[in-house]
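Right, one structure below, let's go through it.
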Amino acid sequence: MAAALRQRTFVLLCLAAATLTGLAAWRELSVEAFPDLTNNQVVVVTEAAGLAAVEVEQRVSYPIETALMGAPGATEVRSLSKFGLSMITVVFEDRVPVYFARQLVSERLAEASGRIPAGLEPTLGPVATAFARSTSTSSKARRS
């Protein structure tokens with residue numbers, strides 16, 4: 001304590017250096033005001049008017065699910081089949097860009113189109129997360 005009082009100039013210079021280093025680090029620190037914690041997913045919706053839930057599962061959901069399984073970066077494929085409606089959700093790893101995942105799913109759907117009843121057209125659900133994502137710019141805000 002006595003040494004710090006004798007070397008006031010040195011202590012003040014060290015304090016200033018620590019403050020400036022902290023401010024520089026703080027400016028470079030990227031933070032998200034509202035981090036998006038939702039998983040990266042693509043939803044496939046197929047309307048199958050007049051088909052019972054069991055028929056939707058067997059004739060629509062199952063062929064599409066099997067086509068989507070094994071997609072690069074996919075961690076999970078799950079479906080919901082109701083009267084006249086099939087909803088299939090493909091969950092991707094966070095490192096897979098949203099629009100690339102949608103492209104992969106679209107390609108797999110084109111392959112599966114021959115295995116589902118004629119007249120049914122699977123469509124991709126909207127890009128939906130808790131917060132809008134942009135693939136061209138980072139969603140992380142910089143403090144200035």
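Pulled fully out, how much extra length does the chain show between ARG95 and ASP36, if you take 0.36 nm times their separation in residues and subtract their Cα-Cα distance?
Working: separation 59, 0.36 × 59 = 21.24 nm, distance 1.36 nm.
Result: 19.9 nm gained on full extension.
Tell me, what % of the accessible area of region 40-117 is carbon and sulfur with a 1.4 angstrom probe?
Values: 2170 of 4020 Å².
In region 40-117, the share of accessible area belonging to carbon and sulfur is 54 percent.
What figure in square angstrom, to the nearest 10, would you give for the accessible area of TYR62 with a 1.4 Å probe?
For TYR62, the solvent-accessible surface is approximately 140 Å².
Positive end of the charge dipole of the chain (Lys, Arg +1 and Asp, Glu -1 on Cβ, about the Cα centre): tell me which of LEU104, ALA3, ALA74 has its Cα farthest that way.
The listed residue farthest towards the positive side: ALA3.
Note down the accessible area of SER79, probe 1.4 Å, to the nearest 10 Å².
The accessible area comes out at roughly 50 Å².
Distance in nm between label sites at GLU107 and ALA3, each 7 Å beyond Cα in the beta-carbon direction?
6.5 nm
Just the accessible area per residue of the chain, please: how many Å² with a 1.4 Å probe? The partial results should precede the final answer.
Numbers: 9710 Å² over 144 residues.
Accessible area per residue, the chain: 67 Å².
Of MET1, MET87, MET69, which has the most accessible area and how do the rest follow, probe 1.4 Å? Write down the numbers at each step before the final one.
Values: MET1 180, MET87 70, MET69 105 Å².
Result, largest first: MET1, MET69, MET87.
The values are calculated or read from the model by the stated rules, or taken from the named source; none is laboratory data. Because the structure is a prediction, the values reported are computed rather than measured. Using ideal geometry, Cβ is built from the backbone for each residue, glycine included, and neighbour counts are taken over all protein chains shown. All accessible areas refer to the heavy atoms of the entire protein, side chains included, with ligands and DNA or RNA removed. Shrake-Rupley method; radii C 1.70, N 1.55, O 1.52, S 1.80 Å.
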